[in-house]
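The values are calculated or read from the model by the stated rules, or taken from the named source; none is laboratory data. Only a predicted model underlies this, so the values are computations on that prediction, with no experimental measurement involved. Every residue, glycine as well, gets a Cβ built from its backbone with ideal geometry; the counts of neighbours run over all protein chains shown. Side chains included, ligands, DNA and RNA excluded: accessible areas come from the protein's heavy atoms. Shrake-Rupley method; radii C 1.70, N 1.55, O 1.52, S 1.80 Å.
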Amino acid sequence: MMSHLQGIGMTSQRTRERMIKRLSEQGIASNKVLEAMRDTPRHIFVDEALASRAYEDSSLPIGYNQTISQPYIVAKMTQLLLGSAGHLAKVLEIGTGCGYQTAILAHLVDHVYSVERILPLQKKAKNYLWELKLKNISFLYGDGHLGWPDYAPFDGILVSAAPAEVPQTLLQQLAVGGVLVIPIGKSGQQALQRITRTESGYDVEQFEPVTFVPFLSGKE
Ligand code: SAH
């Protein structure tokens, strides 16, 4: 059990350290983010056959036509979400997937509310996150277009699938001062955005081009 979490060879702590070094060379400056990624075994979130590739800077298949985002993107989005705010209390995540991004968030904020539309993926994620003893996470099986109104407003919302346009419901579920980090655009023309809710409206910042799976409607 311990050795599964710790990893050996290509899944060892040393391999993870190399990933952290690469991330900081790629411009990830937040020590909090780097530490959370150093402390989180990424290899347990993918199938055993792919475990040796878990610390490469690439996305990997997690089944059901979905992918675990590449480490750089997880780091970048988390860093954008934390911004200059020292501390976030409630964060909504849309697209639990395998739960890796959820684990990183759970290290950094008080509570993560995570929504997923594919039930078997949600089940897998729950198991992995349980194994890591992360308890500050609530899961919802549902369509992320609706957010999670019961727990709104959120200090941060992170979306890991790309809609063509910003879902209005998610904007409405942001607290004033809260930030939404989201890939926006059709396949081949997506870019990361950070949208901050102000007293009077929303500020939009554009970041790099990205490649995400589409933000879909309904449940599977
Ligand atoms: N952060 C995840 C990314 C998984 S890929 C990880 O690291 O594993 C994107 C995920 O978003 C998929 O699991 C997909 O099913 C989910 N998704 C796409 N559209 C959604 C929607 N409308 N509501 C909830 N989840 C959605």
Distance in nm between Glu208 and Glu165 label points, each 7 Å along Cα→Cβ, equals 2.9 nm
Accessible-area ranking of Asp155, Asp143, largest first, probe 1.4 Å
Asp155, Asp143
Cα gyration tensor shape of the range 145-220, rounded if a/c is under 1.5, else prolate or oblate by comparing a/b with b/c:
oblate
If you count only protein heavy atoms with a 1.4 Å probe, what accessible area per residue comes out for the chain, rounded to a whole Å²?
47 Å²
Cα gyration tensor category, rounded, prolate or oblate, for the range 26-168 with a/c compared to 1.5
rounded
Rounded, prolate or oblate, given the Cα gyration tensor of the range 113-164, with a/c below 1.5 counting as rounded?
oblate
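Quick one: order Phe139, Phe212, Phe45 from most to least accessible surface, probe 1.4 Å. Each step should come with its number before you reach the end.
Working: Phe139 55, Phe212 25, Phe45 5 Å².
Highest to lowest solvent-accessible surface, that is Phe139, Phe212, Phe45.
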Gap separating the Cα centres of the range 141-220 and the range 1-61, nearest whole Å:
26 Å
Report the antiparallel proportion of the DSSP beta bridges in the range 2-210 as a percent, rounded to a multiple of 5.
45 percent
Would you mind getting me the FRET efficiency between Arg14 and Ser58? Use the beta-carbon distance for r and R0 = 25 Å, nearest 0.05.
0.85
Using only protein heavy atoms and a 1.4 Å probe, report how much of Lys21 is accessible, in Å² to the nearest 10.
130 Å²
Exposure of Thr40 as accessible area (Å², to 10), given a probe of 1.4 Å and all protein chains
0 Å²
Please report the carbon-and-sulfur percent of the accessible area for the chain; probe 1.4 Å, protein heavy atoms only, DNA, RNA and ligands left out.
52 percent
Report the accessible area of Arg197, computed with a 1.4 Å probe over the heavy atoms of all protein chains in place, in Å² rounded to the nearest 10.
70 Å²
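Kindly provide the helix-only [θ] at 222 nm of the chain, computed as the sum of -39,500 (n - 2.57) over DSSP H runs of four or more divided by all residues, to the nearest 500 deg cm²/dmol?
Working: 7 runs with 66 residues, N = 220.
Estimated from H runs of four or more residues: -8500 deg cm²/dmol.
Which entries in Lys124/Lys186; Lys90/Lys186; Lys123/Lys186; Lys126/Lys219; Lys32/Lys124; Lys32/Lys123 show an alpha-carbon gap greater than 23 Å?
Lys124/Lys186; Lys90/Lys186; Lys123/Lys186; Lys32/Lys124; Lys32/Lys123
Calculate, for Lys186 and Lys133, the FRET efficiency according to 1/(1 + (r/R0)^6) with r their C-beta to C-beta distance and R0 45 Å; round to the nearest 0.05. Mind dumping the intermediate values first?
On the way: r = 40 Å, r/R0 = 0.88.
For R0 = 45 Å, the calculated efficiency reads 0.70.
Can you sort Thr196, Thr102 by 1.4 Å-probe accessible area, starting with the largest?
Details: Thr196 35, Thr102 0 Å².
Output order, biggest surface exposure first: Thr196, Thr102.
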